[in-house]
Amino acid sequence: MLSRRELAQLLLWGSVETTLSRAESSPVLRFGIIGDSGTGEGPQKRVAAAMERFQARHPWEFVLMLGDNIYAEGDPKDFDPKFKNVYRNLMADGVRFHAALGNHDRIHPASRRGMAQVEDEAFGYVGKVDEYVFEAGPKVTADRRLARFICLNSDAWVEAIQKDREPELRFRLRRLRGWLAYSDRYCWNILYAHHPLYSYTKKPFWGLISRGHGPSLELRAVLEPELVGRADVCLAGHEHFYQKIRPQKGIHYIISGGAGKLRKGALSDHPEVEFAAVEHHFLDVVLSENSFRYQAVNGEGRAIHSGVIAKGS
């Protein structure tokens, strides 16, 4: 007999599948998301296997990677065992990857502050630069496309802020403003990076290691004024858990950092948190003109959370 929890998961999965199949009657874009994946160990491989099974039934156009793609220091010698070999079946099936750099990707001297990864075509850095944009999905009108994705190197932003590298910060800010100036040409503007602007974690007890990183407040102070009214959804990793946060100033925030590592500390009972789980997972997204439908799926292939973001909500 199924347990109450297993029954609830099956019902959730069924309702999500039914809802998503209805959405697919109109032009859509479907893609996957993983964060903090690159360990090369069992949990990452189990999530990858679940992704393969899922993608075989619901093909993705691409997979976004939210940083810390290669633990522990971004060493290029780990690109094969911790990335290419793990996802080789998805790549062979035609699934492209588009990565963002995380702090762990920029440590090893051979990583060249992440540029070794950026220049490797398998990671999908458009134009082989650390920050980039790309369009996806069909045209909705003659002059408007379904989606535009903006990838930021948040670790470089944080460094520039903390170390007072004003010229670099001005350069990155000017480039981002240039991209955001054309937000009205897309139904959805989706930003993805490693560091979360919003994150709700448990406070550590005195003398104990912090449980979770928490939000990057310095980065939020710089980026949020630029994003309000121009971005719809912001995706981040860094925290090794899943957390869907209630809209902040009209922007939806999702943390997905459980494709390889887990770390306790996610608050689930905070008033600004819709749902949180410390569980290995990937995200599946079905995007249409009016909705961003998402589900977090664990390493066994079961949906642990799902939701719908209505355009303009």
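General observations
- Every pair of residues 6+ apart whose Cβ atoms lie under 6 Å, when the first sits in segment 284-313 and is free of Cβ contacts under 8 Å to residues at least 24 places away in the same chain while the second is open to solvent by less than 50 Å² (accessible area, probe 1.4 Å): ALA310/SER291
- Which numbered condition PRO27 misses (of (1) at pLDDT 95 or above; (2) not in a helix (DSSP H, G or I)): (1)
- Selection count, segment 238-275, where residues are in contact with a strand residue (DSSP E or B) (Cβ under 6 Å, 6 or more places away or on another chain), among the small types (Gly, Ala, Ser), open to solvent by less than 30 Å² (accessible area, probe 1.4 Å) and closer than 14 Å to GLY214 by Cα: 3
- In segment 108-119, the residue that is nearest to ILE34 (Cα to Cα) out of those that are within 20 Å of the chain's Cα centre (by Cα) and touching a residue at least 40 places away in the same chain (Cβ under 8 Å) is GLN117.
- Note on segment 218-264: residues that are under 16 Å from HIS195 (Cβ atoms), out of contact with any His (no Cβ under 7 Å at 6 or more places or on another chain) and assigned to a loop (DSSP other than H, G, I, E, B) total 3.
- Residues that are buried (at least 24 other Cβ atoms within 10 Å of the Cβ) and among the aliphatic types (A, V, I, L, M) were ranked within segment 98-117; the one that is farthest from PHE31 (Cα to Cα) is LEU101.
- Residues that are open to solvent by 50 Å² or more (accessible area, probe 1.4 Å) and in contact with a Lys or Arg (Cβ under 7 Å, 6 or more places away or on another chain) were ranked within segment 132-142; the one that is nearest to ARG230 (Cα to Cα) is GLU135.
- Within segment 143-162, being open to solvent by less than 20 Å² (accessible area, probe 1.4 Å) and more than 21 Å from ARG106 (Cα to Cα) holds for LEU146, ALA147, ARG148, PHE149.
- The one condition in (1) more than 25 Å from ARG88 (Cα to Cα); (2) at pLDDT 95 or above that TYR125 fails to fulfil: (1)
The values are calculated or read from the model by the stated rules, or taken from the named source; none is laboratory data. Small disclaimer: the values here were computed from a predicted structure and weren't measured. Cβ sites come from the backbone with ideal geometry, for glycine too, and all protein chains shown count toward neighbours. All accessible areas refer to the heavy atoms of the entire protein, side chains included, with ligands and DNA or RNA removed. Shrake-Rupley method; radii C 1.70, N 1.55, O 1.52, S 1.80 Å.
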